[in-house]
Amino acid sequence: MRIAMQLGYGGPFKEAVNRLVDFEKAGLDMVSVAEAYSFDAVSQLGYLAARTERLEITSGIMQIYSRTPTLTAMTAAGLDHVSDGRFTLGIGASNPQVVEGFHGVRYDAPLGRTRELVEICRQVWRREKIQYTGTYYHIPAPPDQGTGLGKPLKIIDHPVRECIPISIAAIGPRNVALAAEIAEGWEPIFFHPEKASAAWGDALAEGRARRDPALGELDIAVGVPLAFTENPVPVLDTVRPQLALYIGGMGAPGRNFYNDLARRYGYEAAAIAIQDLYLDGKKDEAAAAVPDDLVRATSLIGPRSIVAERVAALREAGVTTVKVQLLGATHAERLAAMEELRDITGPPPSRPRDHSTEVEQR
């Protein structure tokens, strides 16, 4: 397994980057930057590229609605260039609250838009002149939608790689099938390894059946809170509010994708209760209503033996990258946790950067 960690949109970013050297020595392979509706991820990823040499960097995630497909491709190519081929483009549809509430853009057709965006990005990276007529994107713009002066163009610079890895954040069955079909990686949230097959097995099989072998095996990157402790209950309780936020408050009734996921896991009664409590403003009660099994199954929290069991369960479920949220109170504790997790997972798989398509810069 690879070990990744995410730099959140809260807290001192530069200080966190300064400590990445320590985490890299302790076993860290990849670092990602979230975007949501805080600072943009791109400026921070550029800073990361300049401050690191080996670590892979990834957007976790860029929303598909807030940038045009060609701008997304240009941005990914630029980050891949300044990082010397260490960038992975993490994308996702986010949710209507953010897309419409913050960006003022209509939230529609996430599957169709994702597929077309990925196709356009790969055309850009191959330095093709972009002529694309899809259902949602038309490049160049049709004459009746502009001046009529647009003409097909290709990116001026030569991307380091003509196939930058793409990872798609998805939890709905149709979105998951799409990720398994067209992307190098898939990022689910609140991954329950014992229930993952019931929630996503058919979708993954459907997508893999249509997958181009040239994409390689699907990288499954799962976010998990991590803490080694002989007294896990108080630490597990600190995870409950985030689960309650997503299951209960991240979307209206009937349009909450995370609530739907909890139901597919089999926690239907709990999902209803959590949402009702959360939307009534009873956030503490909502957190208390999150099932213990769900909290424990989606975390790496406990003594080493328990963490090792959970890592084995993740591996058995096909997880290839664990993206940890380090819960230690001090930098020393977080470093020790990283080192211990590296010892449990063993060395990461050999993934040399593929420069076979690298183009000489002229």
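For the stretch 19-124, list the helices (runs of 4 or more DSSP H) that sit wholly inside it and hold at least 2 residues that are among the β-branched types (V, I, T) and touching a Phe, Trp or Tyr at 6+ places or on another chain (Cβ under 6 Å); which are they?
Of the helices (runs of 4 or more DSSP H) lying wholly inside the stretch 19-124, those with at least 2 residues that are among the β-branched types (V, I, T) and touching a Phe, Trp or Tyr at 6+ places or on another chain (Cβ under 6 Å) span 96-101.
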From F39, F23, grab the single residue that is of a type in the set (A, V, I, L, M, F, W, C), more than 21 Å from W186 (Cβ to Cβ) and crowded, with 21+ Cβ neighbours inside 10 Å. F23
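Residue-wise test of (1) under 19 Å from R67 (Cα atoms); (2) out of contact with any strand residue (DSSP E or B) (no Cβ under 6 Å at 6 or more places or on another chain); (3) modelled with pLDDT of 95 or more.
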site	(1), (2), (3)
L111	yes, yes, yes
Q123	yes, yes, yes
T135	yes, yes, yes
E162	no, yes, yes
P165	yes, no, yes
A169	yes, no, yes
G185	no, no, yes
P193	no, yes, yes
Within the stretch 125-152, can you find the residues that are farther than 24 Å from S32 by Cα, out of contact with any His (no Cβ under 9 Å at 6 or more places or on another chain) and not in a loop (DSSP other than H, G, I, E, B)? T133, H138, I139, P143, D144
Counting only residues that are of a type in the set (S, T, N, Q), open to solvent by less than 50 Å² (accessible area, probe 1.4 Å) and under 19 Å from H158 (Cα atoms), the stretch 98-140 contains a total of 1
With the checklist (1) part of a loop (DSSP other than H, G, I, E, B); (2) free of Cβ contacts under 8 Å to residues at least 40 places away in the same chain; (3) over 28 Å from D276 (Cβ atoms); (4) not aromatic (F, W, Y) in hand, flag the one item G254 doesn't pass. (3)
Determine if the stretch 203-218 includes at least one residue that is on the phi > 0 side of the Ramachandran plot and over 19 Å from the mean Cα position of the chain (by Cα). no
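One line per residue, one yes/no per condition, for (1) open to solvent by less than 60 Å² (accessible area, probe 1.4 Å); (2) farther than 29 Å from T330 by Cβ; (3) touching a strand residue (DSSP E or B) at 6+ places or on another chain (Cβ under 7 Å):
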residue: Q6; (1), (2), (3): no, no, yes
residue: V17; (1), (2), (3): yes, no, no
residue: V33; (1), (2), (3): yes, no, yes
residue: Y47; (1), (2), (3): no, no, no
residue: R51; (1), (2), (3): no, no, no
residue: G60; (1), (2), (3): yes, no, yes
residue: Q63; (1), (2), (3): yes, yes, yes
residue: V82; (1), (2), (3): no, yes, no
Selection over the stretch 310-339 where residues are within 21 Å of T238 (Cα to Cα) and not in a loop (DSSP other than H, G, I, E, B) yields a count of 15
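Which residue is nearest to G302 (Cα to Cα), if the candidates are limited to the stretch 332-352 and must be modelled with pLDDT under 95 and open to solvent by less than 90 Å² (accessible area, probe 1.4 Å)?
G346
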Can you pull out the residues in the stretch 273-303 that are open to solvent by 70 Å² or more (accessible area, probe 1.4 Å) and either out of contact with any strand residue (DSSP E or B) (no Cβ under 9 Å at 6 or more places or on another chain) or free of Cβ contacts under 8 Å to residues at least 12 places away in the same chain (or both)? D276, L279, D280, K282, K283, D284, E285, A288, D292, D293
Where in the stretch 153-233 are there strands (runs of 3 or more DSSP E), lying wholly inside it, with at least 1 residues that are touching a helix residue (DSSP H, G or I) at 6+ places or on another chain (Cβ under 8 Å) and over 30 Å from P291 (Cα atoms)? 166-169
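The values are calculated or read from the model by the stated rules, or taken from the named source; none is laboratory data. A quick note: this is a predicted structure, and the numbers were derived from the prediction, not measured. Cβ: placed from backbone, ideal geometry, glycine included. Neighbour counts: every protein chain shown. Note: areas computed on protein heavy atoms with side chains; ligands, DNA, RNA excluded. Shrake-Rupley method; radii C 1.70, N 1.55, O 1.52, S 1.80 Å.
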